[in-house]
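K.L.:
Questions regarding the structure given below will be posed in turn.
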Amino acid sequence: MTEKRTADFGYETVDWAEKAARVRSVFASVAGKYDVMNDLMSFGVHRLWKQFTLSLTGLRPGQRALDVAGGTGDLAAGMLRQVGKQGRVVLSDINPAMLARGRDRLIDAGLVGNVECLVADAECLPFEDNSFDCVTIGFGLRNVTDKEAALRSMHRVLKPGGQLLVLEFSKPTLPGLAPIYDAYSFKVLPWLGGIVAQDAASYRYLAESIRMHPDQETLLAMLTQAGFAQARYHNLSGGIVALHRGYKL
Amino acid sequence: MAETPVWLAAAEAVLNRNIASQARARRLAGRLEGKSLSVDVTGVLALRATCLGGRLLLCREEAAAEPADAVISGPPAALLTLSTGGNRPAGAGSVQVRGDAEVAAQYRDLLRAARPDWEEELSRWLGDVPARRLGVFARRAFSWGRSARRSFGENIAEYLQEESRTLVNRVELDEFLRGVDHLRETGDRVAARLKRLERRLQDAG
């Protein structure tokens with residue numbers, strides 16, 4: 001008898017095949033209020049985290065970049081400015097509702113012509129090998145069912161010398177921060193989600209999924225395991241968020 | 001442990017942007033592909049620089065897995081003088097280079113070629129006018145600091161030499177040293193004469 005494969009969905013353990021659908025329903029529910037909730041929850045600091053990520057892409061005009069699980073397109077918009085009109089950026093997300101929000105925001109910002117938006121699963125990206133100079137995934141990896149497969153897939157589509165940037169919630173390292181952060185995550189976030197997005201459960205999932213996500217060193221080892229060289233990470237806001245980087249050689 | 005501080009990542013991003021925009025820096029980075037340099041700022045921190053894919057990667061020395069091709073160590077002021085290409089010799093002698101000196105020299109050239117224009121970097125965040133004003137203010141503050149340090153030193157020296165007479169001044173010192181030299185030479189002459197007299201006495205005896 002084969003053992004049934006399971007995955008974490010927050011603190012719940014669900015069937016492996018079920019997680020993607022449940023994550024999709026969470027993000028379909030919050031897509032409309034996603035940006036305003038990000039600003040409220042992080043007091044606007046998520047913009048600095050993303051700006052820092054963009055400052056490390058090393059992208060130059062004419063290059064190609066991929067934003068995986070790009071959601072409402074913050075990183076894609078920044079990379080579009082970096083690669084210019086001669087370059088190309090692909091914004092992908094597994095969730096059509098989030099992707100539609102991202103596409104609309106890019107159009108509203110006048111960023112058109114050299115951007116593609118497509119629904120894609122991070123675990124099996126529909127691109128040829130060695131296609132992109134830089135791949136980013138911002139606050140998306142923890143929602144992926146098979147994270148190892150997603151990292152391998154992102155490694156495959158990177159050109160040799162290309163860089164992966166993983167921006168994700170992580171484990172606080174600043175002494176004394178963890179209990180405050182826990183209280184905020186489990187009390188304030190669901191309450192805020194209930195009031196603003198009328199969906200407390202999705203924001204409870206957010207807090208739980210962050211706790212179940214690999215910590216800095218574990219994710220670093222996963223990057224190395226997926227084939228990335230010179231892997232390292234930067235703790236942001238006392239380790240609440242970490243930016244992991246690795247190169248394909 | 002591969003945690004790299006944010007400030008180091010920011011410095012790396014600025015240097016890489018400058019490398020990408022300058023043909024000479026790109027050539028140097030290409031020549032240094034795979035080579036690494038360890039910079040040990042005595043008592044402050046140790047960093048590792050590695051060129052990979054035409055980019056410069058910076059991390060803490062303890063995060064590096066393999067030994068560096070070259071190691072430069074020295075006090076902060078001496079290393080700063082070396083990296084900025086200043087010709088002030090003070091402290092330069094206290095910089096030590098171990099390993100492949102050619103790699104160390106090429107890294108020095110790369111860092112000079114990719115040296116950031118801080119006013120330009122600030123203008124990306126603050127805008128041109130505030131960055132320019134901040135730059136002018138910083139230069140004035142630096143210049144004031146330098147002249148204040150010099151005049152403070154001169155005032156202290158003057159007090160110690162002329163008022164408290166704890167130390168002698170340069171003219172008196174030179175005169176004293178000349179006197180010592182004169183005394184030594186006179187002593188040597190007297191010793192030579194005595195030896196000559198001794199020889200004559202022995203010959204006469």
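Just so it is clear, none of the values below were taken in a lab; they were calculated from the coordinates. What you are looking at is a predicted structure, and each value in this text was computed from that prediction instead of being measured. FYI the Cβ positions are ideal-geometry reconstructions off the backbone, even for glycines, and counts take in every protein chain you see.
K.L.:
Quick one: pull the percentage of alpha-carbon pairs in the protein assembly as shown with a separation above 28 Å.
P.N.:
62 percent
K.L.:
Whole number please: convex hull volume per residue, Cα atoms of segment B:120-204, in Å³.
P.N.:
161 Å³
K.L.:
Let me ask something else. Would you calculate the convex hull of the Cα atoms in chain B and tell me its volume per residue in Å³?
P.N.:
About 242 Å³ per residue, rounded to a whole number.
K.L.:
Can you tally the net charge around B:Arg165? Count Lys and Arg as +1, Asp and Glu as -1, for every other residue whose Cβ sits under 13 Å from the Cβ of B:Arg165.
P.N.:
So the surrounding residues net to -4.
K.L.:
Here's something else I'd like to know. Treat each spin label as a single point 7 Å out from the Cα along the C-beta direction, and report the B:Arg165 to B:Ala11 distance in nm.
P.N.:
A separation of 5.1 nm, rounded to one decimal place.
K.L.:
Taking chain A, how much of its Cα-Cα pair set, in percent, is spaced more than 27 angstrom apart?
P.N.:
Distances greater than 27 Å cover 32 percent of the Cα pairs.
K.L.:
Another one. So between B:Phe142 and B:Ala77, what do we pick up on full extension, going 0.36 nm a residue minus the alpha carbon distance?
P.N.:
Contour length minus the Cα-Cα distance gives 21.9 nm.
K.L.:
Next question. Within 10 Å, count the other beta carbons around each residue, average over each peptide in B:126-135, B:179-188, and list them highest first.
P.N.:
Result, highest mean Cβ count within 10 Å first: B:126-135, B:179-188.
K.L.:
Among A:Lys147/A:Lys171; A:Lys147/A:Lys248; A:Lys19/A:Lys187; A:Lys50/A:Lys159; A:Lys248/B:Lys35; A:Lys19/A:Lys171, which pairs are too far apart, with a Cα-Cα distance over 20 Å?
P.N.:
A:Lys19/A:Lys187; A:Lys50/A:Lys159; A:Lys19/A:Lys171
K.L.:
Among DSSP bridges having both ends in segment B:3-109, what percentage is antiparallel? Round to the nearest 5.
P.N.:
Percent antiparallel among DSSP bridges in segment B:3-109 is about 75.
K.L.:
Provide the convex hull volume over Cα atoms per residue for segment A:175-249, in Å³.
P.N.:
105 Å³
K.L.:
If you don't mind, there's one more thing I want to ask. For the protein assembly as shown, give the share of DSSP beta bridges that are antiparallel, in percent and rounded to the nearest 5; count only bridges with both residues there.
P.N.:
55 percent
K.L.:
Hey, what number do you get for the protein assembly as shown at 222 nm if only DSSP H runs of n ≥ 4 count, each worth -39500 (n - 2.57), divided across all residues, to the nearest 500?
P.N.:
Dividing the helical sum by the residues of the protein assembly as shown leaves -16000 deg cm²/dmol.
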